[in-house]
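Have a look at the structure below, then the notes.
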Amino acid sequence: MAFRETRSSIEEDTENERDRSLTYNSLTEDIDEEVGGPKYIKTVRLTSEQLASLELKEGSNVLTFSVTTSYQGTTKCFCSVYLWDYTDKIIISDIDGTITRSDVFGHILPWVGKDWTQNNIAQLFSALNNNGYKFLYLSSRAIGQASMTKNFLKSIKQNGVGIPEGPMLLSPDSLLRAFKVELVLRRPDIFKIKCLSDIKGLFGKDSSPFYAGFGNKPTDSKSYQAVGIPAHRTYRINHRGEIYTENSIVQHCTYAEIYEHNEVYFPIVRPECELVEEEYLTQNFWRPDIPGIDEDDLIL
């Protein structure tokens, strides 16, 4: 990305593997001197000129890719390109077991019209979005489930409140391969770390856009901390709806409790509000220091 003051994240929404490759890849021209004509190669990186030609507006932008053949006619797939300010703070959220109550039933029950979302999650995420934070939804679900997953996120309503719009990034693997990585190898963090590191790289070496992360597995916490999210802002929820931070596995809270004190956990970062350094926030500045412990007083 050559834009220094803005950034964009691409969210795939495809119906098959062929569409996926077209969505992920844009064409960059490379002049072939021997032939004398243009030669096109596939790439996932757009140049500054290509980004400028899209004339993106702030927020979500819908792009359409189409392929026309003599046998199948025209096939279209769509994606959303998000243009955010370089100072925006991003909250990452897993989907299965984090937005839904469990991994397996989170896949199945929405198909039959059963609500299986965590209590109060829509109110909490909406409040954090109003505080000025952007949301990025990251899941190890297969890219073939993009359409279904996007529709599921849009369908979430709790007391008339939905979850904020944001990029949805899924694994580029097939359905079977994604299940193997998630359930057999148990290494979804490989994809997630690579994906988040790629986004972080848009902001330079000395900065990170990621403010906090919500997940339900140790691999989620590992992924978030690998891209610079501190342990006290890495939230992990269990099947009972109890939320722990990685630096405190004893004390826990719920989505409802965080929502009630959302401006304490997530201070307002809207442009019209003065941004306060974290160490000077009320909950941090007045917090008493933990008393030192003499090694001689420890009971073995």
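Numbers below:
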{"quantity": "Shape category assigned to the stretch 141-261 from the gyration tensor of Cα positions, a/c cut at 1.5", "calculated": "rounded"}
{"quantity": "Candidate lysines for bridging to Lys200, where Cα separation is under 25 Å - those fewer than 8 sequence places away on the same chain excluded", "calculated": "Lys42, Lys57, Lys89, Lys134, Lys150, Lys192, Lys217, Lys222"}
{"quantity": "Principal axis box of the stretch 190-251, alpha-carbon based, largest edge first, Å", "calculated": "37, 21, 12"}
{"quantity": "Cα gyration tensor shape of the stretch 68-126, rounded if a/c is under 1.5, else prolate or oblate by comparing a/b with b/c", "calculated": "oblate"}
{"quantity": "Electrostatic dipole magnitude of the stretch 184-240 [Cβ: Lys, Arg +1; Asp, Glu -1; Cα centre; debye, to 20]", "calculated": "260 debye"}
{"quantity": "Cα gyration tensor, the stretch 52-158 - rounded (a/c under 1.5), prolate or oblate", "calculated": "oblate"}
{"quantity": "Theoretical gain in end-to-end length, His232 to Ser208 [0.36 nm per residue, Cα-Cα removed]", "calculated": "7.0 nm"}
{"quantity": "Other-chain or far-sequence residues with amide H under 5 Å of Asp173's (modelled H)", "calculated": "Ile143"}
{"quantity": "Unit charges on C-beta of K, R, D, E only; dipole of the stretch 109-214, Debye", "calculated": "200 debye"}
{"quantity": "Nitroxide proxy distance, nm - points 7 Å out along Cα→Cβ at Thr75 and Arg240", "calculated": "4.9 nm"}
{"quantity": "Distance cut-off 24 Å, percentage of C-alpha pairs in the stretch 92-206 lying past it", "calculated": "28 percent"}
{"quantity": "Span from the the stretch 213-237 Cα centroid across to the the stretch 152-209 one, whole angstrom", "calculated": "13 Å"}
{"quantity": "Residues Asn159 and Phe179, FRET efficiency given R0 of 30 Å [Cβ-Cβ distance, rounded to 0.05]", "calculated": "0.30"}
{"quantity": "Distance between modelled label sites at Gln251 and Glu49, nm, 7 Å Cα→Cβ extension", "calculated": "5.6 nm"}
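Quick note: the coordinates plus some simple rules give every number you see, no bench work behind them. The model shown is predicted, which means the values in this text are computed figures rather than measured ones. Here the Cβ is made from the backbone with ideal geometry for all residues, glycine too, and neighbour counts use every protein chain on show.
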